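The values are calculated or read from the model by the stated rules, or taken from the named source; none is laboratory data. Computed from a prediction, not measured in an experiment: that's the story for all the values here. Note: ideal-geometry Cβ built from the backbone for every residue, glycine included; neighbour counts use all protein chains shown.
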Amino acid sequence: MIKNTVATLMVRLHHLPLPRAAPAPTYRCGRHLALAPPLPRLRASAAVMSTAAEQTIADQKRTLRAEVRRALKALSADQRASEDLAIQTTILDSSWFKASKRLCAYISCQQLREVDTSKILAECLPSNPGQEELAKDLYVPRVEDKNRNMRMLKITTMDDLVKNSMNILEPSPVDATGNNREDVLSSLSPVDLFLLPELVEDWGVVEGTMTHSC
């Protein structure tokens, strides 16, 4: 149901004509071709076209998000659990996850109907003695202010998480010893992997990069 909804609306987005600025006029100087400065009227026309198309795309994105939210809400608990397990298994079995040493991931929130990440987090933070070498450096988000600015802070156990005012788990700013948690931006080593929640994704790929997300 979700796949059909997303596919239908993504087709609409892909066939939406994107604005193209009018080419700048040229003139010939002897044997050389030079670009003439674009006329103000052409600039204004292109800007109007761009604004109108951008608004159309924004409206279609809004419609797409609303339809996918309704589809997600209609899923049964068993369906969601089955899909969450399949997604987590795919990630855990992947070579790129196994090879990663440092990653940023989100703490899934059931109220927001995000894909469950509990098994992934548990794999990053093994609790059994003798498995310390399997642990990964894990950074998770903490909301800093009402503008939703975030920091990604390092945790070493799920006990490092506390519920915020929205009842969402996030890391406390200091660890059990009273020291400030390490911020990913101050880490001396690069992050290998980011796991981020998204409502809708267009899986068109250009040179390894996702071309569009909602």
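Of the residues making up segment 68-107, those that are over 26 Å from residue 124 (Cα atoms) and either surrounded by 16 or more Cβ atoms within 10 Å (Cβ to Cβ) or of a type in the set (Lys, Arg) (or both) number 5. If only residues of segment 102-149 that are out of contact with any helix residue (DSSP H, G or I) (no Cβ under 6 Å at 6 or more places or on another chain) and on the phi > 0 side of the Ramachandran plot are counted, the one that is modelled with the highest pLDDT is 148.
Selection within segment 108-119: residues that are farther than 17 Å from residue 152 by Cα and not charged (D, E, K, R). The member of this set that is surrounded by the most Cβ atoms within 10 Å (Cβ to Cβ) is 115. Counting only residues that are at pLDDT below 85 and at positive phi, segment 163-214 holds 3 of them. Where helices (runs of 4 or more DSSP H) fall entirely within segment 48-134, those with at least 2 residues that are charged (D, E, K, R) are at 77-93, 118-124. Looking across segment 146-172, the residues that are out of contact with any Pro (no Cβ under 9 Å at 6 or more places or on another chain), farther than 20 Å from residue 101 by Cβ and surrounded by 14 or more Cβ atoms within 10 Å (Cβ to Cβ) come down to 168, 169, 172.
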